[in-house]
Number of protein chains: 2
Amino acid sequence: MTQPLRLGIAGLGTVGVGVVKIIRQQAALLTARTGREIVISAVSARSRGKDRGVALSGYDWEDDPVVLARRDDVDVFIELMGGSDGPAKAATEAALAAGKDVVTANKAMLAMHGQALAESAEAAGRVIRFEAAVAGGIPVIKALTEGLAGNQITRVMGVMNGSCNYILTRMESAGLSYEQVFDEANGLGYLEADPELDVGGIDAGHKLSLLSAIAFGTQVDFDGVELEGIGRIKIEDIRQAADMGYRIKLLGVAQMTGRGLEQRMSPCLVPADSPLGQLEGGTNMVVLEGDAVGQIVLRGAGAGEGPTASAVMGDVCDIARGFRLCMFGQPAATLKVAPSARSTLPAPYYLRMALQDKPGALAKIATVLGEAGVSIHRMRQYDHVNDSAPVLIVTHKTTRAELDVALAAMAKTDVMTEAPVALRIEMV
Amino acid sequence: MTQPLRLGIAGLGTVGVGVVKIIRQQAALLTARTGREIVISAVSARSRGKDRGVALSGYDWEDDPVVLARRDDVDVFIELMGGSDGPAKAATEAALAAGKDVVTANKAMLAMHGQALAESAEAAGRVIRFEAAVAGGIPVIKALTEGLAGNQITRVMGVMNGSCNYILTRMESAGLSYEQVFDEANGLGYLEADPELDVGGIDAGHKLSLLSAIAFGTQVDFDGVELEGIGRIKIEDIRQAADMGYRIKLLGVAQMTGRGLEQRMSPCLVPADSPLGQLEGGTNMVVLEGDAVGQIVLRGAGAGEGPTASAVMGDVCDIARGFRLCMFGQPAATLKVAPSARSTLPAPYYLRMALQDKPGALAKIATVLGEAGVSIHRMRQYDHVNDSAPVLIVTHKTTRAELDVALAAMAKTDVMTEAPVALRIEMV
């Protein structure tokens, strides 16, 4: 049998503990499948004394993850600390420089520094694997990079932030406001320390930017992701959407257009009976579309100890089996810089606005939309509440650019009582 | 750049032509992703003159696939002829003996000879890859063997025969009889030359036996698959199932039990609102359950030129990238022979029977069920038609063994006008 594969694990939160458990509990299985023993040489985390519910005394302890990453008895550095910069990035760079392979769950770091890290890894002849960074336990990086390698990928879509999906589905099922469910989710520990990473769509945007790079052979471009969070979604939007046969999802879409790469992460209306529309709670779903394969849909738990550790261990097993692959599926030097094509593909939009109780208010809005070239498919006005009347409009297909012109013009009228909410309707 | 990877393709039906098209149309993409040129040295098929809609004149032609498999200018033998024995097997063995890797879409061959072929491949230091043999374009072999390698797999389920699913969903949507839709599907070329391979569940059973081997580290055991086709499903069954909130699917389930490996491929009732229940037409779905990852659901086209060719090319790209993996994810010599545990896990069952129009008929049936230990959850009797009364029963959870005792005892009564239909209800 080949030499054991020796791991150094930095970060012993939920995922790190999950990885330790799998390695302890499934040793025989892992060896049968990879032909090697997989062992932990050393671990590192912020607080040494903390009881994590798993025995760690058999492993060396390093206070400094950079020191861990450089140890002679570490073949693979497992980065589970998180954070786009700081210790995670320093230790990852140290590991590559010291000739270690890296497995990481850190989407923020890869979204910000993926290109540079891919170049460093290739220069060092090492690999960086990151299945756990996107969609938890779903082997989507593997499906896209390897399984669909014979395809020109045409579109990637997904609901990739379980916390947002939990909030949206809980609002609907319990009839609660965004604020109520946000507080509830926060209390349950479902949200990141900085909740804006979740509800602002940033975390999901990081993930989308990584999938885009693989799908389209482009350099990771998180700044090119058009980001919109779920904070302005009201229970009324959810009810109105349901009434029209839609559900609201924080949906990521990446697509190569004639004008460049369009990447969007925003709340959208999707058909209630579509696979994405039916997604409940913390489950993630990724849709991959290729010219040969058509549409592949992958569904599973997007977070949590077991699912994320499963993804980390899939990468570890690949390395143990001797699979070597460029980070984004092709050499970093061949990844193109794609122009960012914001909002070029037209779609119908759902608009919710609140109009003042004065004659001609609705006519002004309709005029403004018409002048911007946005045509109205359906419109509903409701009774005035506190001198403000809710108006809902579903437009015909329009580009976001045209819509933005209309929204800007609306803001200049004197009939709106609050800024309108505009949600794309995505026929997935 | 590394040397080109040279293919020999045997079988130029739908899938073979699809593979040729991808290699011709995506040459640059494939080279970018694998670091090698992927070229076709020679092809083989039964009829040389046939117009296949793709230019083949640039490739050498071999009438004999065995000769093709042994050519010096072939690195990978692509077996797309089909058939469990005969030329496919002879050529695959010849390829391995001549030191070639093999990519095949041939589930029948692997279900019957998988263990022997895996041993031959390992002895020769070559790989056999077969993503295209299961669930068309869905990269399920890869997900199971690699992505979930850190998991103890607990259950594998799937709808893996698109033709059967087409027939069942078309019966429901058009209100047609099994016979009508069978003829329609056959006319459209949706069924195998021997349709019993499809509607008898054999093709899907082959696929299930391959997934089982990987999932549970066991030798492929197609004979251990409890097989039942869809030929006895009537439109009434579909309607009754729908009325109770279920849909009927040809469902495969493989699970390791305390008594051995249970593998079933049979028409089952599944909840209409479950992912499997919602599956329409020729689409396939595979559900993988692991101790760490929980449940992963994969959906996509189960057949057709593009999807199946995509799967073949995924395997080719893996080989081009230098991935080497044992056929069933671990060395053939370590695969265990699992006892076949037929029908040990209890479930509720749906029974449809036709009773003679005489007093006490229903009481006799109820008595027989009770004596076999099968308890009745719901029962409905309908009006007599031609002196025969349809009776529907949903049982409480029972084992198939107990149910079979009851069915045998029923057959001995003098009140049945035809053999009953018994369908398992699977809470997926």
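The values are calculated or read from the model by the stated rules, or taken from the named source; none is laboratory data. On a predicted model such as this, the values are computed, not experimentally measured, just so you know. Please note: Cβ atoms are built from the backbone with ideal geometry, for glycine as well, and neighbour counts cover all protein chains shown.
For the stretch A:228-243, the set of residues classified as out of contact with any Lys or Arg (no Cβ under 8 Å at 6 or more places or on another chain) and aliphatic (A, V, I, L, M) consists of A:Ile230, A:Ile233, A:Ile235, A:Ala242, listed by residue number. Restricting attention to the stretch B:116-127, the residues that are more than 14 Å from chain A (Cβ to nearest Cβ) and farther than 30 Å from A:Gln25 by Cα total 7. If you go through the stretch A:306-317 and pick out every residue that is facing another protein chain (nearest Cβ under 7 Å), touching a strand residue (DSSP E or B) at 6+ places or on another chain (Cβ under 9 Å) and more than 15 Å from B:Thr145 (Cβ to Cβ), you end up with 2.
Tell me, which residue of the stretch B:38-63 that is modelled with pLDDT of 95 or more and hydroxyl-bearing (Ser, Thr, Tyr) is farthest from B:Ala91 (Cα to Cα)? Residue satisfying both the conditions and the ranking: B:Tyr59.
Taken over the stretch B:389-428, the criterion of being over 29 Å from the mean Cα position of the chain (by Cα) and small (Gly, Ala, Ser) is satisfied by B:Ala389, B:Ala406, B:Ala408, B:Ala409, B:Ala411.
Could you check, for the stretch B:307-318, whether at least one of its residues is among the acidic types (Asp, Glu) and surrounded by fewer than 20 Cβ atoms within 10 Å (Cβ to Cβ)? No: the stretch B:307-318 contains no residue that is among the acidic types (Asp, Glu) and surrounded by fewer than 20 Cβ atoms within 10 Å (Cβ to Cβ).
The residues on offer are A:Leu68, A:Leu117, A:Leu96, A:Leu56, and the sole one that is outside the structural domain of A:Phe222 (by TED's automatic domain parsing) and closer than 11 Å to A:Ala10 by Cα is A:Leu68. Just one of the numbered conditions (1) among the charged types (D, E, K, R); (2) closer than 26 Å to A:Asp291 by Cα; (3) without any contact (Cβ under 8 Å) to a residue 12 or more places away in the chain is not true of B:Arg46: (2). Considering the stretch A:145-161 alone, what residues qualify as being hydrophobic (A, V, I, L, M, F, W, C) and either on the phi > 0 side of the Ramachandran plot or more than 9 Å from every other protein chain (Cβ to nearest Cβ) (or both)? Within the stretch A:145-161, A:Ile153, A:Val156, A:Met157, A:Val159, A:Met160 qualify. The listed residues are A:Thr169, A:Thr154, and the only one of them that is farther than 30 Å from A:Phe323 by Cβ and out of contact with any Phe, Trp or Tyr (no Cβ under 8 Å at 6 or more places or on another chain) turns out to be A:Thr169. Out of A:Ala332, A:Ala292, A:Ala320, one residue alone is small (Gly, Ala, Ser) and more than 10 Å from chain B (Cβ to nearest Cβ). It is A:Ala332.
Out of (1) touching a residue at least 40 places away in the same chain (Cβ under 8 Å); (2) more than 30 Å from B:Gly35 (Cβ to Cβ), the odd one out for B:Val297 is which? For B:Val297, the failing item is (1).
I need a count of the residues in the stretch B:396-413 that are assigned to a loop (DSSP other than H, G, I, E, B) and either at pLDDT below 95 or touching a helix residue (DSSP H, G or I) at 6+ places or on another chain (Cβ under 6 Å) (or both). If you could, list the steps in order and put the result at the bottom.
Taking the stretch B:396-413 and keeping what is assigned to a loop (DSSP other than H, G, I, E, B), we get B:396-397, B:399, B:413.
Add one more test, that the residue is either at pLDDT below 95 or touching a helix residue (DSSP H, G or I) at 6+ places or on another chain (Cβ under 6 Å) (or both), and what stays is B:399, B:413.
Residues flagged as assigned to a loop (DSSP other than H, G, I, E, B) and either at pLDDT below 95 or touching a helix residue (DSSP H, G or I) at 6+ places or on another chain (Cβ under 6 Å) (or both) within the stretch B:396-413 amount to 2.
Suppose the filter is buried (at least 24 other Cβ atoms within 10 Å of the Cβ), out of contact with any helix residue (DSSP H, G or I) (no Cβ under 6 Å at 6 or more places or on another chain) and under 26 Å from A:Phe182 (Cβ atoms); does A:Met265 pass it? Against the criterion (buried (at least 24 other Cβ atoms within 10 Å of the Cβ), out of contact with any helix residue (DSSP H, G or I) (no Cβ under 6 Å at 6 or more places or on another chain) and under 26 Å from A:Phe182 (Cβ atoms)), A:Met265 does not qualify. With respect to A:Ser212, determine if the residue is away from chain B (no Cβ under 14 Å), under 20 Å from the mean Cα position of the chain (by Cα), touching a residue at least 12 places away in the same chain (Cβ under 8 Å) and assigned to a helix (DSSP H, G or I). In short, yes. Give me the residue from the stretch A:1-19 that is modelled with pLDDT of 95 or more and within 24 Å of B:Leu144 (Cβ to Cβ) and, out of that set, nearest to the chain's Cα centre (by Cα). The residue in question is A:Val15.
Total residues in the stretch B:86-120 satisfying the condition of being assigned to a loop (DSSP other than H, G, I, E, B) and in contact with a Gly (Cβ under 9 Å, 6 or more places away or on another chain): the figure is 4. Would you check which residues across the stretch B:247-263 are closer than 22 Å to B:Leu168 by Cα and modelled with pLDDT under 95 and list them? Result: no residue meets the conditions.
If we only count helices (runs of 4 or more DSSP H) wholly inside the stretch A:1-77, which ones have 2 or more residues that are more than 14 Å from chain B (Cβ to nearest Cβ)?
Working: elements: A:14-25, A:27-34, A:65-70.
Helices (runs of 4 or more DSSP H) meeting the threshold: A:65-70.
If I filter the stretch A:264-287 for residues that are modelled with pLDDT of 95 or more, within 7 Å of chain B (Cβ to nearest Cβ) and more than 30 Å from A:Gln25 (Cα to Cα), do I get at least one hit? Scanning the stretch A:264-287, I find no residue that is modelled with pLDDT of 95 or more, within 7 Å of chain B (Cβ to nearest Cβ) and more than 30 Å from A:Gln25 (Cα to Cα), so the answer is no.
B:His113 meets all of the listed conditions (1) under 18 Å from the mean Cα position of the chain (by Cα); (2) at negative phi; (3) within 13 Å of chain A (Cβ to nearest Cβ) but one, namely (3). Of all residues in the stretch B:295-305, those that are crowded, with 22+ Cβ neighbours inside 10 Å and facing chain A (nearest Cβ under 9 Å) total 6. Residues that are surrounded by 24 or more Cβ atoms within 10 Å (Cβ to Cβ) and either touching a Leu at 6+ places or on another chain (Cβ under 6 Å) or closer than 15 Å to A:Ala204 by Cβ (or both) within the stretch A:107-127 comprise A:Lys107, A:Leu110, A:Ala111, listed in sequence order. Taking A:Lys336 as the residue in question, decide whether it is under 30 Å from A:Ala118 (Cα atoms) and surrounded by fewer than 16 Cβ atoms within 10 Å (Cβ to Cβ). Yes; evaluated as a whole, the condition is true for this residue. Return yes or no: is B:Ala105 in contact (Cβ under 8 Å) with a residue 40 or more places away in the chain and over 30 Å from A:Leu335 (Cβ atoms)? For B:Ala105, the condition - in contact (Cβ under 8 Å) with a residue 40 or more places away in the chain and over 30 Å from A:Leu335 (Cβ atoms) - is met. Counting residues in the stretch A:91-99 that are more than 26 Å from B:Ile153 (Cα to Cα) and hydroxyl-bearing (Ser, Thr, Tyr) gives one or more.
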